[in-house]
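Scroll down for the structure; my scribbles are underneath it.
Nothing in this text is a laboratory measurement; each read-out follows from the coordinates by a stated rule. What you see is a predicted model; the values in this text were computed from it and never measured. Cβ placement follows ideal geometry from the backbone for every residue including glycine, while neighbour counts extend to all protein chains displayed.
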Amino acid sequence: MTSQEDQPALPDVDRLARSMLLLHGDHHDDEERNGSNGNGGSESWSKSRDFANDPQRAAAVAEASRADRERYLTSGLRAVDCRFCHVTVSVKRMGPGHTAVQWNGQATQRCAHFAEVRASGGDTARTKSCPRLGDSIEHAVAEGYLQDLPDA
């Protein structure tokens, strides 16, 4: 059995709360700040401006956001064909043991492994992956077609 002397001291919660209030404030002044946030006197708060008074800038920001999203979702993806059933999926190799595979509807329907799962009454959404496609991905890595992303 351990004595109380061996246990670490618990922080004084009241003292900690007071110091947090001094550091961050009590946030009761947020309402006053939100009304004059340069967002047209709106009562809502947003992390970024909406550029409602500048339609050209709003359009440019929207386009840049769309491009960033598209780049995030598709950057580094390469088309890989399954050497068994010849479906094509998009693959991003982040490193050994970490590979992202984006299936499309046609590939999901045509995949022989998934067809077997469906035929046996299984749910392909609960199937980890197609082992034959996994072999094809490893073959693509071995051939140098797929490479680990340096910044992943």
Considering only the other residues whose Cβ falls under 14 Å of the Cβ of GLY97, what net charge follows from Lys and Arg at +1 and Asp and Glu at -1? +1
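Below 8 Å, C-alpha to C-alpha, sequence gap of six or more: please give me the relative contact order for region 78-143 in percent. Don't skip to the answer; put the middle values down first.
Details: 65 pairs, mean separation 21.0, N = 66.
The value is 32 percent.
Can you tell me the alpha carbon radius of gyration of region 78-143 divided by the globular rule-of-thumb value 2.2 N^0.38 Å?
Numbers: Rg = 11.6 Å, N = 66, 2.2 N^0.38 = 10.8 Å.
Cα-based Rg divided by the globular estimate yields 1.08.
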Give me the net charge of VAL141's neighbourhood, meaning all other residues with Cβ under 9 Å from the Cβ of VAL141; Lys, Arg count +1, Asp, Glu -1. -2
Using Cβ contacts closer than 10 Å as the measure, can you line up TYR145, TYR72 from fewest to most? TYR72, TYR145
